[in-house]
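Here's the structure, in structure tokens; my notes come after.
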Amino acid sequence: MTDTRWRGGALIRPGILAFAGSIGATDTHAHHAAQVMTADTPLTVADEAGARHCGTAIVVPPDTAHRIATGAPTGAVVFLDPDTAAGRAAGHRAHRFGWAGGPPLPAPATVDGGLGALVADVVGALVPDSAPDPPDRHRSVTAALELLPTLVADGPVTTSDLADRVGLSTSRLTHLFSEQVGLPLRRYVLWTRLMIAVTEVGAGRDLTTAAHAAGFADSAHLTRTCRDTFGLPPSALSRTVAWDTTPRR
């Protein structure tokens, strides 16, 4: 992947990785996350068949080969886990309207505030009928969220062990967690590992150190997981992007 033009800021949260700044070209790749791109000038993305999709808003569905043929000096790229409401909505939009079709999506120049505000506006545009604030979380879900950063750094996390620690059955915890957090527990664990790894890489750690700190077996495991999720190696943007990894719950 060509990444020398990728310069700007990024944030990572469970289920979301977002970048804003200069968008560069890429080689053909695929990843599990749905990808939403908006820009102040038109982008061009080519699919596996060679068809070109052009516009200031492009949505690539999950697990679909593509490449950015023409980037933009100012734009945003939001990766959404397809198990979230916004990720499902992005995939549905791409299939319904085409990659460059559908209602307008917010671009950086149209949003007051930082990257977090832009992400919120993009998610709101994708899921306009989202429910109001969810009810208070079950105390065991809150306890699980507090335990997970420490547990994932120690290695594999089993749902049954976590359920035992927070005093729920495995089935009850997985149901409540998905309902109240908006992301299945296993996917949340994966994103937590990626957040820890990105924090370590951003702090100047080498990939092996970052991988072990996040509970990955080794740097190859971390790199493979990043590519599978985002189409990017963990170091791809580390030298040209300012990362925001502040936890949000």
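Bear in mind that the values in this text are calculations on the coordinates, not laboratory data. If you're wondering where the values come from, they're calculated on a predicted model, not measured in any experiment. Positions of Cβ are backbone-derived with ideal geometry, glycine not excepted, and every protein chain shown enters the neighbour counts.
Hey, rough spin-label estimate for Thr41 and Asp112, points 7 angstrom out along Cα→Cβ, what's it come to in nanometres? If labels sit at Thr41 and Asp112, their model points lie 2.8 nm apart. Across the chain, Cα-Cα distances exceeding 31 Å account for 23% of all pairs. The antiparallel fraction among DSSP beta bridges confined to the chain stands at about 90%.
For the chain, a simple Cβ point-charge model (Lys and Arg +1, Asp and Glu -1, everything else neutral) yields a dipole of about 80 debye relative to the Cα centre. For Ser160 and Arg52, the difference between the fully extended length at 0.36 nm per residue and the C-alpha to C-alpha distance is 34.3 nm. Entry for the range 1-72 at q = 0.11, 0.14, 0.20 Å⁻¹: log10 I(q)/I(0) = -0.25, -0.41, -0.87, Debye formula applied to identical alpha-carbon scatterers, no solvent contribution. This ranking places Glu146, Glu200 by how few other beta-carbon atoms lie within 10 Å of each, fewest first, which gives Glu146, Glu200. Computed extension length for Arg186-Thr150: 11.4 nm, one decimal, from 0.36 nm per residue of separation with the Cα-Cα distance subtracted. Once backbone amide H atoms are built at 1.01 Å from N, Asp40 has Thr74 as its partners under 5 Å, excluding neighbours fewer than 5 places away on the same chain.
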